[in-house]
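The values are calculated or read from the model by the stated rules, or taken from the named source; none is laboratory data. What you are looking at is a predicted structure, and each value in this text was computed from that prediction instead of being measured. Positions of Cβ are backbone-derived with ideal geometry, glycine not excepted, and every protein chain shown enters the neighbour counts. When the accessible area is computed, the model is the full protein with side chains, heavy atoms only, and any ligands, DNA or RNA have been set aside. Shrake-Rupley method; radii C 1.70, N 1.55, O 1.52, S 1.80 Å.
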Amino acid sequence: MTRIGPGALPSTEQLALMTKVARLYHEQGLRQPAIADKLHLSQSRVSRLLKEAVAAGIVRTVVVPPEGVHPDLEDELQHLFGLDDVVVADPSDDDDASILNALGAAAAVYLETSLTGGQRVGLSSWSATLLATVDAMSPKTVRTATEIVQVIGGVGAPGVQVMATRLTDRLARVTGAVPRYLAAPGVVSSRSGRDALLDDPFVAEVAELWNDLSVVLVGIGSVQPSPLLRNSGNSLSESETGALRDAGAVGDICLRFFDDQGRVIDSDLHERVLGISTEQLFDVPRRVGVAGGARKFEAIRAALRGGWLSVLVTDVATARRLLADA
């Protein structure tokens with residue numbers, strides 16, 4: 001039997017042998033030593049024939065995604081919006097609780113597999129999806145992040161500010177990181193009040209860390225607040241949200257509101273927010289947004305159009321709608 005040389009085409013006999021070896025290995029599950037014994041070939045010859053079968057197109061690798069996994073959707077969204085990564089969760093039902101649980105579980109797996117120990121992670125506060133994400137994470141025996149930095153103060157009543165601190169603490173615990181708390185409200189009444197708080201040494205120390213984050217984990221808000229945020233004593237009044245809506249706002253990230261193209265809305269609110277600035281946010285190499293559901297669709301689409309995110313974790317219905325209505 002003539003061995004295949006560079007540029008030479010395999011003979012029919014060679015193709016037949018490649019096919020026989022390939023079927024024994026891939027279809028019948030025989031290991032290479034067993035195939036060698038069965039066909040009276042050397043193991044090195046069997047290994048070479050398997051490689052040649054791939055080169056000749058006899059063996060082709062086909063990935064069959066299991067039910068509930070959507071790599072095609074993820075790839076299409078990644079390409080359409082220029083994202084680094086997309087994770088599409090498949091809820092068991094279309095109600096808010098099912099979507100929230102699915103998003104939290106998917107984002108938890110993403111973080112557990114992509115945080116490798118050297119990252120300083122920024123965390124926005126008081127988001128139902130982020131609460132679900134952190135609750136779904138399991139503590140690791142090795143450190144997966146160096147610091148968890150709160151990037152915006154607690155939004156709402158004092159009790160909500162405590163919850164924001166607890167969220168930071170919880171993520172720090174499961175990653176083995178050092179928590180960096182922002183013990184301040186997310187929105188104050190004036191720019192001078194914000195500046196006065198930023199002059200506080202403890203607040204200033206945390207704010208300085210916003211310039212050197214590896215990853216930031218954020219929720220995506222709609223102009224109409226969620227029941228969770230509304231019931232928490234949302235610090236934005238009806239008149240403020242009405243004015244933002246009239247100005248064209250459809251959503252926000254870290255209380256930086258944007259229109260349907262992802263452009264920042266010019267508002268005095270930006271001067272009263274005690275949190276990471278738009279410029280600092282965009283400077284973070286990996287910006288992970290976790291959001292889904294029909295109520296958040298316009299805000300998610302706008303955030304993607306404006307380049308606010310590099311990674312999106314969303315649900316399958318929202319992913320399909322994003323592709324259809326981009």
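You can think of it this way: the chain between D200 and K38 has 50.5 nm of extra reach, that is 0.36 nm per residue less the Cα-Cα gap. Which of the three applies to the stretch 204-325, rounded, prolate or oblate, going by the alpha-carbon gyration tensor with a ≥ b ≥ c and a/c under 1.5 meaning rounded? Oblate, since a/c reaches 1.5 and b/c is not below a/b. Suppose a student asked you for the relative contact order of the chain, using Cα pairs under 8 Å spaced at least 6 residues apart; what percent would you report? The value is 18 percent.
The relative contact order of the stretch 58-192, computed from alpha carbon pairs under 8 Å that lie at least 6 residues apart in sequence, is 19 percent. What the chain shows is 49 Å² of accessible area per residue, with the surface traced by a 1.4 Å probe over protein heavy atoms.
Of the beta bridges in the chain, as assigned by DSSP with both residues counted there, near 25 percent are antiparallel.
For the stretch 3-78, relative contact order (Cα pairs under 8 Å, six or more residues apart, normalised by length) works out to 26 percent.
Taken about its Cα centre, the stretch 170-326 carries a charge dipole of roughly 780 debye when the Cβ of each Lys and Arg holds +1 and the Cβ of each Asp and Glu holds -1.
Placing unit charges on each Cβ (+1 for Lys and Arg, -1 for Asp and Glu) gives the stretch 41-104 a dipole about its Cα centre, and among L80, A56, H70 the Cα reaching farthest toward its positive end belongs to A56. In the stretch 104-221, if the dipole is taken from +1 on Lys/Arg beta carbons and -1 on Asp/Glu beta carbons about the Cα centre, which of S138, W126, I148 is farthest to the positive end? The Cα lying farthest towards the positive end belongs to S138.
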